[in-house]
1. Of the listed peptides 220-227, 164-171, what is their order by residue-averaged count of other C-beta atoms within 10 Å, with the highest listed first?
2. Given the peptides 211-219, 61-69, arrange them by the average over their residues of other C-beta atoms within 10 Å, most packed first.
3. Using a Förster distance of 41 angstrom, determine the FRET efficiency expected from the C-beta separation of Ala271 and Asp104, and round it to 0.05.
4. Tell me what the chain gives for mean residue ellipticity at 222 nm when only DSSP H runs of n ≥ 4 count, each as -39,500 (n - 2.57), the sum divided by the residue total, rounded to 500 deg cm²/dmol.
5. How much length is gained if the chain between Ala215 and Arg160 is pulled fully straight, taking 0.36 nm per residue apart and subtracting their Cα-Cα distance, in nm to one decimal?
6. Rounded to the nearest 5, what % of DSSP beta bridges with both residues in the chain are antiparallel?
7. Between Asn191 and Val95, what is the FRET efficiency for a Förster distance of 22 Å, r being their Cβ-Cβ separation, to the nearest 0.05?
8. For the chain, what is the largest minus smallest coordinate of the Cα atoms on each principal axis, given in angstrom and ordered from greatest to least?
Amino acid sequence: MEAGAMSDFDWAAMADMLELEGEAHSPYVRQALEELKHLTPGRILDVGSGPGVAACRLAAVFPRAEVTAVDGAPELLARAEERAERLGVRLRTQVAEFPEGLADLGPADLVWSAQVVHHVGDQQGALDQLVGLLEPGGVLAIVEGGLPARWLPRDLGFGRPGLQARLDAALADRFSRMRAELPGSEAVVENWPGMLRAAGLTEVRSRTFLVDHPAPLAEGPRQSVRRSLERQREMLGELLDAEDLATLDRLLDPADPAGVDRRADLFLLTAKTVHFGRRPEHR
Ligand SMILES: C[S@@+](CC[C@H](N)C(=O)[O-])C[C@H]1O[C@@H](n2cnc3c(N)ncnc32)[C@H](O)[C@@H]1O
C-alpha cells in the first residue's frame, strides 16, 4: 500500500504481524472488556482497529451494538471483514485517516482505540477529538503504555546477556524519532489519565492486564514473537552493535535449534495498560 500522508509506517504490509500479535495479546482485550460488560452501548467504534481482532471481540461481547472498525488502511479493514465473517460476528468498517478523519465518525457510546493515539502528531488533540465522538455518558478506552514484551531468558545461551533490555532502549530511541517526524508533532507529558481528564472525561482510571504465555509456546504466539523480532531486526539495524545483530540473526535462523522457531524456552510475557474515562452526562 502507498502510505497515507499521515502514516508513519506501511501498515498494510504489517497485516500478518498485527493479526498474529492481536491474537497473542487477546487475553488483555478479554480482561479489559470484562470491565465494560455492565454497559449497553448502541454504537461502538474501534479507532485504528488494524485487522480487527479487538473489534471482533467487541462485536462478540456486545452482539446488539453496531460495531465499526475504523482504520486508515483499507487492506487491514478487509482483513477485519474476513475475520468477522469467519467468527460469525456483525462488524462494519470505515476507512478514515487520523486526525482529520476523526471528526466524521461519531457519535458513539463506546470508543476503543488501542496503540493508535501515539501515532498521531498531536496526541492531546487526538484524544480531544475521540472524546468529541462520545455521547453524553459514553466511555472511551485507550490502550497506551504498559510494559515491553519479554520472550527469552536474560542469558539465552549465546551473545551478550541482556539483549532484550538493549532492544527496549533502541526501540525507545526509534519511537522518539518516529514521534518527532509525525506531521504536527507536539511534545506532551504522556500522562494518559491526565490527558483524558484534560479532554473532559471523568471517572478516569487505568488498569493493566498481563499477557502471559509460558513456554513452551503454541504456534500462534511463537509466530508473533518471530514477526516482532524480524521487524526489530529490520528497524534497529543501525542502533545495535555487531554482536547483538549476530545474536538476532541466529535467533531468526529457522535451521538453528537455538532459534526462536525451535527453542523450547521461548515465552511471551507482556502487560497492556487500558485507560478508561466517561464523558459527563452534562458538560
Ligand atoms: C499499532 S496498530 C494497532 C492495531 C490494533 N488497534 C491493535 O491494538 O492491535 C496501529 C493502527 O492504527 C492505524 N493508523 C495509524 N496511524 C494512522 C493514521 N494516521 N490514520 C489512520 N489510521 C492510522 C494503522 O493502520 C494500524 O492499523
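Read-outs throughout are calculated quantities, based only on the coordinates presented, and are distinct from any laboratory measurement. Predicted model only: the values in this text are computed from it and were never measured. Counting neighbours? That spans all protein chains shown, and the Cβs are built from the backbone with ideal geometry, glycine included.
1. Working: 220-227: 20.6, 164-171: 16.0.
Averaged packing, sorted descending, gives the order 220-227, 164-171.
2. On the way: 211-219: 14.2, 61-69: 19.8.
The packing order, highest mean first, is 61-69, 211-219.
3. Working: r = 34 Å, r/R0 = 0.83.
Using R0 = 41 Å, I get an efficiency of 0.75.
4. Details: 9 runs with 105 residues, N = 283.
So the calculated ellipticity at 222 nm is -11500 deg cm²/dmol.
5. 17.6 nm
6. Details: 17 of 35 bridges.
The answer is about 50 percent antiparallel.
7. Calculated transfer efficiency: 0.10.
8. 60, 41, 36
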